[in-house]
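Trainee: Take a look at this one; I'll ask things after.
The values are calculated or read from the model by the stated rules, or taken from the named source; none is laboratory data. All figures in this text were calculated on a predicted structure; none of them were measured in a lab. Cβ placement follows ideal geometry from the backbone for every residue including glycine, while neighbour counts extend to all protein chains displayed. Heads up: the accessible areas ignore ligands, DNA and RNA and are worked out on the full protein's heavy atoms, side chains in. Shrake-Rupley method; radii C 1.70, N 1.55, O 1.52, S 1.80 Å.
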Amino acid sequence: QVQLTESGGALVQAGGSLRLSCAASGRLASGNTISWFHQAPGKEREFVAAIGWSGTNTYTYYADSVKGRFTISRDNAKNTVYLQMNSLKPEDTAVYYCAAGFVYVSNYRYASSYDAWGQGTQVTVSS
């Protein structure tokens, strides 16, 4: 089972940008899916973005609330997945977690689909 470590969270003003990193201790093989979830105080953990790949194909998925603002990507050489967050809003404030697993394409939005999780990194967006 891969081990994940998130970094890059910070305090930023509304409209600003952050780049989160999810570093994997094990190699991210073809067929894997890496996702970002976030959890605000008093709220359930919810899906943000996912990236999966199989053969030469790469797939990305986004929650409606972040489409057009966030971009998920990967760097195989560094064994790392990134979440570029632009046009940040106060409602983006949360702890951001990355997760990994061999996930059926229809199940990428569900936290229960993943078997490896990082410890989280705090993102705070001020108004």
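Trainee: Just a yes or no: is a residue in segment 106-113 touching a residue at least 24 places away in the same chain (Cβ under 8 Å), of a type in the set (Phe, Trp, Tyr) and touching a Phe, Trp or Tyr at 6+ places or on another chain (Cβ under 7 Å)?
Mentor: Yes, the conditions are met somewhere in segment 106-113.
Trainee: Next question. Criterion first (assigned to a loop (DSSP other than H, G, I, E, B) and either touching a helix residue (DSSP H, G or I) at 6+ places or on another chain (Cβ under 6 Å) or farther than 10 Å from Trp36 by Cα (or both)) does Ser112 satisfy it? Give the derivation first.
Mentor: Numbers: assigned to a loop (DSSP other than H, G, I, E, B): no; either touching a helix residue (DSSP H, G or I) at 6+ places or on another chain (Cβ under 6 Å) or farther than 10 Å from Trp36 by Cα (or both): yes.
In short, no.
Trainee: Could you say which residue among Arg19, Arg27 is among the basic types (Lys, Arg) and over 14 Å from Tyr96 (Cα atoms)? It would help to see each step written out before you state the result.
Mentor: On the way: Arg19 fails: over 14 Å from Tyr96 (Cα atoms).
Being among the basic types (Lys, Arg) and over 14 Å from Tyr96 (Cα atoms) holds for just one of Arg19, Arg27, which is Arg27.
Trainee: Any idea which residue in segment 115-127 is farthest from Ser17 (Cα to Cα), counting only those that are open to solvent by less than 80 Å² (accessible area, probe 1.4 Å) and at pLDDT 95 or above?
Mentor: Initially, segment 115-127 is screened for residues open to solvent by less than 80 Å² (accessible area, probe 1.4 Å), giving 116-118, 120-121, 123-126.
If we keep only those that are at pLDDT 95 or above as well, we get 117-118, 120-121, 123-126.
On the way: Trp117: 24, Gly118: 22, Gly120: 18, Thr121: 15, Val123: 11, Thr124: 11, Val125: 10, Ser126: 12 Å.
Only one residue fits best here, namely Trp117.
Trainee: Identify all residues within segment 11-27 that are open to solvent by 40 Å² or more (accessible area, probe 1.4 Å), within 15 Å of the chain's Cα centre (by Cα) and over 13 Å from Gln84 (Cβ atoms); write none if there are none.
Mentor: Ala23
Trainee: Taking segment 26-47 as the search range and keeping residues that are of a type in the set (Gly, Ala, Ser) and without any contact (Cβ under 8 Å) to a residue 24 or more places away in the chain, which one is farthest from Gly120 (Cα to Cα)?
Mentor: Residues of segment 26-47 of a type in the set (Gly, Ala, Ser): 26, 29-31, 35, 40, 42.
If we keep only those that are without any contact (Cβ under 8 Å) to a residue 24 or more places away in the chain too, we end up with 29, 42.
Values: Ala29: 22, Gly42: 16 Å.
Going through the qualifying residues, I end up with Ala29.
Trainee: Follow-up question, since we're still on this one. Looking only at segment 85-107, count how many residues are modelled with pLDDT of 95 or more and open to solvent by 60 Å² or more (accessible area, probe 1.4 Å).
Mentor: Result for segment 85-107: 3.
Trainee: Cβ-Cβ distance below 8 Å, separation of 6 or more or different chains: which pairs start in segment 48-77 with a residue that is open to solvent by 50 Å² or more (accessible area, probe 1.4 Å) and end on one that is outside any strand (DSSP E or B) and hydrophobic (A, V, I, L, M, F, W, C)?
Mentor: Here the result reads Tyr59/Val105; Arg74/Leu28; Asn76/Leu28, each pair linking segment 48-77 to a residue that is outside any strand (DSSP E or B) and hydrophobic (A, V, I, L, M, F, W, C).
Trainee: Another question, if that's okay. Check off (1) touching a strand residue (DSSP E or B) at 6+ places or on another chain (Cβ under 8 Å); (2) of a type outside the set (A, V, I, L, M); (3) open to solvent by 70 Å² or more (accessible area, probe 1.4 Å) for His38 and give me the number that stays unchecked.
Mentor: With (1) touching a strand residue (DSSP E or B) at 6+ places or on another chain (Cβ under 8 Å); (2) of a type outside the set (A, V, I, L, M); (3) open to solvent by 70 Å² or more (accessible area, probe 1.4 Å) applied to His38, the lone miss is (3).
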